[in-house]
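The values are calculated or read from the model by the stated rules, or taken from the named source; none is laboratory data. Computed from a predicted model, the values in this text were never measured in an experiment. Cβ sites come from the backbone with ideal geometry, for glycine too, and all protein chains shown count toward neighbours. Heavy atoms of the whole protein, side chains included, go into the accessibility calculation; ligands, DNA and RNA do not. Shrake-Rupley method; radii C 1.70, N 1.55, O 1.52, S 1.80 Å.
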Amino acid sequence: QVQVVESGGGLVQAGGSLRLSCAASGSGFSINAMGWHRQAPGNQRELVALITSTDSTNYADSAKGRFTISRDNAKNTVYLQMNSLKPEDTAVYYCNADIRSISMRANFRYWGQGTQVTVSS
């Protein structure tokens with residue numbers, strides 16, 4: 001089985017920074033892409049940032065210039081460095097992994113449990 005676990009959320013003042021981590025563990029898989037979504041109360045879940053196996057990245061307009069997604073291939077881990085945080089960044093952040101199962105010959109999407117990010121004004 002594959003597990004996706006994220007961490008690094010917390011409470012920070014506006015203008016501060018946080019670094020989120022997400023690790024995919026298990027065996028018999030390869031990663032197509034990993035990324036981050038967020039969902040604030042009453043809002044739809046939205047894409048924040050994504051990085052593919054070829055290091056192609058994609059960011060939400062609200063994240064461009066402030067957030068940076070990166071990955072460590074050896075650890076199957078993706079990071080989201082969030083700088084210049086704003087109160088509107090407050091949300092539960094979910095790690096997403098698009099994974100290829102070697103044995104099943106199929107692609108699967110896995111979600112982490114979510115980590116709360118709260119930015120105070």
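Tally Lys/Arg at +1 and Asp/Glu at -1 over every other residue whose Cβ is under 15 Å from the Cβ of residue 109; what's the total?
0
Pop out the carbon and sulfur fraction of the accessible area of the chain as a percent, whole number, probe 1.4 Å.
Summing carbon and sulfur atoms, their accessible area is 45 percent of the total for the chain.
Mind checking the full-extension length gain between residue 55 and residue 27? Use 0.36 nm per residue of separation minus the Cα-Cα distance, one decimal, nm.
Numbers: separation 28, 0.36 × 28 = 10.08 nm, distance 2.16 nm.
This chain segment gains 7.9 nm when fully extended.
Mind pulling the per residue volume of the convex hull built on the Cα atoms of the chain? Å³ is fine.
Dividing the Cα hull volume of the chain by its residues yields 96 Å³.
Considering only protein heavy atoms, what per residue accessible area in square angstrom results for the chain with a 1.4 angstrom probe?
54 Å²
Compute the Cα gyration tensor for region 53-121, then decide on rounded, prolate or oblate, letting a ≥ b ≥ c be the square roots of its eigenvalues: rounded whenever a/c is under 1.5, prolate when a/b is larger than b/c in the other cases, and oblate in all that remain.
Taking the square roots of the gyration eigenvalues as a ≥ b ≥ c, region 53-121 is prolate.
Report the gain in length on full extension from residue 2 to residue 74: 0.36 nm times residue separation, minus Cα-Cα distance, nm rounded to one decimal.
Fully extending the segment from residue 2 to residue 74 adds 24.3 nm.
To the nearest 20 debye, what is the magnitude of the charge dipole of region 45-119 about its Cα centre, counting +1 on the Cβ of each Lys and Arg and -1 on the Cβ of each Asp and Glu?
On the way: 9 positive and 7 negative charges, 48 e Å.
Roughly 220 debye, rounded to the nearest 20.
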